[in-house]
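What follows is a short report on a single structure.
The values are calculated or read from the model by the stated rules, or taken from the named source; none is laboratory data. In this text, all values refer to a predicted model and were calculated from it rather than measured experimentally. Virtual Cβ from ideal backbone geometry, glycine too; neighbours counted across all protein chains shown.
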Amino acid sequence: MNGPTSRMLAGVSVPDTPLVQQALEYARRECEAYLFNHVVRSWLFAARLGQIRNIDHDAEVVAVGTLLHDITLNERFDGPRRFEVEGADLARIFSRKGGVDERRAQLIWDSVALNSTPSIGLYKEAEVALCTAGICLDVVGLKYETIPAAEIAKVVGEFPRLEMKRRMTRCFCHIAQMHPETTYDNFARDFGERFVPGYRAPSSVDIVLNAPFGE
C-alpha cells in the first residue's frame, strides 16, 4: 500500500486519502477520546490483519467502516433503533457525500451495522469481515496472536485504551437503561442483565410461541 496515497500510522501502512482524513475528523469530533482511540486501533488492526493474511480488499472502505463504527456509542444516544444501525445510516450519508458509490457505501453500512455481530460480519465480504475482525481484536482479543506482540504494543502505545472497558460498559448500560427495546436481540442485552437494575428482556421462546398463527 506504500505510495502517494498511503502513510505509516503507529507502524501500520494505511490509506491517506481525503475521504479517510474526513472520516478521522468525523470520528474525532463525535467520539470521546477513549472511543476515538478504540476506532483508530480497530482500523489499524483490521489493516494489519488484511496485510498479514494477504487479503485483497478495499483499504479505504475498511478505514471508513472501522473509524465510524461507534459514532453513536455514547450517552447522548437517543435511538430509536439499535446504535449500530443508527451509526450505519450516518456512515452511509457521510460516504455518499464524500463521493463513494452505492456498492462501496453499502459495504461501509454493513461494516458499521454488523460491527458487534461477528457471527455474521466475519463471513461477509472481505471489507466487512476485516472491519469486524479488527474491532473484535480490540474489544475482546479475537485473533490477538495473529499480529506480533510488538506491533500491538506500538498501536496501543500511540492510541492508549484510556479505561475503555469501564467506559464502554457505561455506554452499553446507558443504552440498556434508556432504550432497552434496542438491546433485546443483541449483545447489549448482556450488559443490561448484568448491570442495570430492573432490566428484563423478553424471551425469544415466548415471542415465537405467541406468534399470531395457528398450528
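Quick check on segment 53-68: of everything there that is of a type in the set (A, V, I, L, M, F, W, C) and either outside any helix (DSSP H, G or I) or not assigned by TED's automatic domain parsing to the domain that holds residue 148 (or both), which residue is nearest to residue 116 (Cα to Cα)?
68
Which of the numbered conditions does residue 117 fail, given that it passes all the others? Conditions: (1) under 12 Å from the mean Cα position of the chain (by Cα); (2) buried (at least 17 other Cβ atoms within 10 Å of the Cβ).
Residue 117 satisfies all of (1) under 12 Å from the mean Cα position of the chain (by Cα); (2) buried (at least 17 other Cβ atoms within 10 Å of the Cβ) except (2).
When both residues are 6+ apart or on different chains and their Cβ atoms are under 7 Å apart, which pairs have a first residue that lies in segment 141-155 and is free of Cβ contacts under 8 Å to residues at least 60 places away in the same chain, and a second that is surrounded by 16 or more Cβ atoms within 10 Å (Cβ to Cβ)?
Matching pairs, first to second residue: 142/133; 142/136; 144/137.
Would you check if there is a residue in segment 111-123 being hydrophobic (A, V, I, L, M, F, W, C), within 21 Å of residue 39 (Cβ to Cβ) and assigned to a loop (DSSP other than H, G, I, E, B)?
yes
What are the residues in segment 9-35 that are within 16 Å of the chain's Cα centre (by Cα), within 22 Å of residue 98 (Cβ to Cβ) and either free of Cβ contacts under 8 Å to residues at least 60 places away in the same chain or surrounded by fewer than 20 Cβ atoms within 10 Å (Cβ to Cβ) (or both), if any?
If the condition is that a residue be within 16 Å of the chain's Cα centre (by Cα), within 22 Å of residue 98 (Cβ to Cβ) and either free of Cβ contacts under 8 Å to residues at least 60 places away in the same chain or surrounded by fewer than 20 Cβ atoms within 10 Å (Cβ to Cβ) (or both), then 20, 24, 26, 27, 28, 30, 31 are the ones that fit.
Which of the numbered conditions does residue 101 fail, given that it passes all the others? Conditions: (1) in contact with a helix residue (DSSP H, G or I) (Cβ under 8 Å, 6 or more places away or on another chain); (2) of a type outside the set (Ser, Thr, Tyr); (3) closer than 23 Å to residue 18 by Cα.
The number of the failed condition is (1).
Where residues in segment 129-153 are surrounded by fewer than 16 Cβ atoms within 10 Å (Cβ to Cβ) and among the aliphatic types (A, V, I, L, M), which of them is nearest to residue 109 (Cα to Cα)?
140
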